[in-house]
1. Out of all the residues in the range 275-282, is one or more more than 24 Å from Val312 (Cβ to Cβ) and of a type in the set (Lys, Arg)?
2. Among Asp72, Asp42, which is the only one that is over 28 Å from Lys105 (Cα atoms) and either without any contact (Cβ under 8 Å) to a residue 24 or more places away in the chain or charged (D, E, K, R) (or both)?
3. Scan Gly78, Gly85, Gly126, Gly111 and give me the residue that is farther than 29 Å from Trp305 by Cβ and modelled with pLDDT under 80.
4. Looking at the range 246-260, is at least one residue of a type in the set (Gly, Ala, Ser), at pLDDT 85 or above, within 20 Å of Glu193 (Cα to Cα) and outside any helix (DSSP H, G or I)?
5. Considering only the range 409-440, state which residues are in contact with a Leu (Cβ under 6 Å, 6 or more places away or on another chain) and open to solvent by less than 10 Å² (accessible area, probe 1.4 Å).
6. Looking at the range 208-236, which of its residues are in contact with a helix residue (DSSP H, G or I) (Cβ under 9 Å, 6 or more places away or on another chain), in contact (Cβ under 8 Å) with a residue 24 or more places away in the chain, open to solvent by 10 Å² or more (accessible area, probe 1.4 Å) and not in a loop (DSSP other than H, G, I, E, B)?
7. From Asp380, Asp367, which residue is under 22 Å from Thr204 (Cβ atoms), in contact with a helix residue (DSSP H, G or I) (Cβ under 9 Å, 6 or more places away or on another chain) and either in a loop (DSSP other than H, G, I, E, B) or of a type in the set (Phe, Trp, Tyr) (or both)?
8. Determine whether the range 284-294 contains at least one residue that is within 26 Å of Glu331 (Cβ to Cβ), part of a loop (DSSP other than H, G, I, E, B) and either aromatic (Phe, Trp, Tyr) or more than 18 Å from the chain's Cα centre (by Cα) (or both).
Amino acid sequence: MHGEAAFGSDFQRALVRACLDDPGLRALVGRFTQSKQLGFTDPPAAWAWDVMSRYDAPTALILSTEAGRLTDEMARSGVQAILAGSSDWRESTYVREQVMEWTKKQLFRAGFEAARAKWNADDVEGARSVMMGKIEEMSQIQLEIADRGWFFEDFHHRQERRAFAASGADYFPSGIERIDRAMNGGLHFGELEVPMSYSGIGKTFWCVHRGFIGARMRRRVLHFVLEGGRGKTEDRYEARWADTVYRETRVGQFSADVLHRLHLEYQTMREGLVLRGFSDRKTEWRITYDDILAEIDELRRTRGWRPELIVVDYGDLVWSPGDDDRTKQKESFRKLKTLAEKIEGPGHHGYAVCAPSQATRPDKGADEREHVLKPRDVADCYEKVRIADAIISLNRTLEEKGNEEARVFLGKYRDDEDGVLVKVKTNYPKGTFCEIGLEIPMREADDDD
């Protein structure tokens with residue numbers, strides 16, 4: 001392989017093994033070997049890659065059979081060593097990451113040289129165009145599993161997926177029975193939920209409520225804190241688990257019985273909940289979709305941990321490039337929907353994603369009269385939430401605030417019914433949006449969206 005100082009024989013053999021199992025990686029390596037930018041210097045690896053290149057779907061059996069026909073005993077034993085190599089999944093992950101990084105560097109180098117030539121020729125626009133094109137090409141280099149199904153052959157896979165759904169393990173309830181029933185049990189894998197409300201009504205509390213129920217069900221929850229600081233969100237979760245008011249939790253005022261109960265319960269929960277703040281990035285104030293992916297990847301690589309429910313508090317703060325806020329937010333929510341549907345490998349079903357958005361308060365007196373926010377009332381532009389599977393609005397008047405009540409409206413649910421309005425008993429002092437199971441069903445609102 002060119003650049004042997006960076007990619008020695010062990011790496012090249014591991015790369016061959018990884019390519020056997022990953023058609024995306026194999027296609028990427030093939031692209032650069034055909035252009036002579038990439039080549040194998042380890043003889044067994046080079047031989048194995050040459051054999052693999054002759055088949056559309058090479059297998060270990062094909063390599064083993066072809067190796068058995070070799071007359072050179074050293075070459076035969078080298079190929080067998082490749083096939084009998086490490087089965088540690090972390091090795092394949094490392095190989096993929098290194099090849100991806102190398103690939104992007106090659107694209108950048110080619111773009112830089114071409115752009116420099118145009119710049120030296122006083123073609124500024126041409127230089128910019130070449131460089132931007134290469135940057136776009138770099139962003140599209142991904143090793144994703146194609147979203148493709150052979151319908152008649154995959155019947156048993158569909159049955160496995162349906163059995164998984166029937167088991168009740170594919171959704172996350174909100175604890176509001178009427179809403180959960182309308183959503184076929186709750187928020188499902190592959191779905192993006194966008195709670196919306198006026199500022200200060202309870203979007204963060206809804207996020208904590210979602211995370212609490214998910215973790216309590218022994219499901220793995222990853223909560224991204226993009227505003228307000230991780231410590232405050234941790235205190236809200238703690239108040240909920242301790243069933244203690246937030247102001248006492250903040251200063252650690254727990255009774256001996258509560259402390260004992262927390263220690264016992266937390267021992268059983270272990271790695272069920274991860275909170276990720278970005279105080280290390282606040283100098284930029286640009287938390288991107290790539291930052292979210294990087295955290296998920298790091299948790300998987302370093303801890304072998306993969307979330308099931310992902311909470312992004314909140315979606316409007318995920319930064320994306322664009323000419324204006326409308327374009328940026330539209331792109332951010334589209335990426336969050338992509339995250340929900342991201343399949344990481346066999347047996348993975350995607351993620352359930354909750355990412356709140358702001359609603360535009362029409363006037364100063366909006367909190368004094370009872371009304372219901374509809375999906376069209378989301379701030380900035382409706383286009384950003386059009387791709388959401390569920391849009392839930394949190395509604396509360398000043399009178400309801402005094403009575404510790406709120407109304408939850410399922411304004412949109414792509415997979416079943418919507419237009420469901422429920423009154424709930426809130427519990428902000430104990431860190432959560434509402435009490436589980438304490439709701440008063442109301443009439444179903446007319447949704448004229």
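1. no
2. Residue meeting the stated conditions: Asp72.
3. Just a single option satisfies the conditions, and that option is Gly78.
4. Within the range 246-260 (the criterion being of a type in the set (Gly, Ala, Ser), at pLDDT 85 or above, within 20 Å of Glu193 (Cα to Cα) and outside any helix (DSSP H, G or I)), the answer is no, since none of the residues qualifies.
5. Answer for the range 409-440, where residues must be in contact with a Leu (Cβ under 6 Å, 6 or more places away or on another chain) and open to solvent by less than 10 Å² (accessible area, probe 1.4 Å): Phe409, Val420.
6. Once the filter is applied, which keeps residues that are in contact with a helix residue (DSSP H, G or I) (Cβ under 9 Å, 6 or more places away or on another chain), in contact (Cβ under 8 Å) with a residue 24 or more places away in the chain, open to solvent by 10 Å² or more (accessible area, probe 1.4 Å) and not in a loop (DSSP other than H, G, I, E, B), the range 208-236 yields Asp235, Arg236.
7. Result of the check over Asp380, Asp367: Asp380.
8. Within the range 284-294 (the criterion being within 26 Å of Glu331 (Cβ to Cβ), part of a loop (DSSP other than H, G, I, E, B) and either aromatic (Phe, Trp, Tyr) or more than 18 Å from the chain's Cα centre (by Cα) (or both)), the answer is yes, since at least one residue qualifies.
The values are calculated or read from the model by the stated rules, or taken from the named source; none is laboratory data. Remember, predicted model here, so these are calculated numbers, not experimental data. Glycine gets a Cβ as well: all are built from the backbone with ideal geometry, and neighbour counts include every protein chain shown. These accessible areas exclude ligands, DNA and RNA; they are computed on the full protein's heavy atoms, side chains included. Shrake-Rupley method; radii C 1.70, N 1.55, O 1.52, S 1.80 Å.
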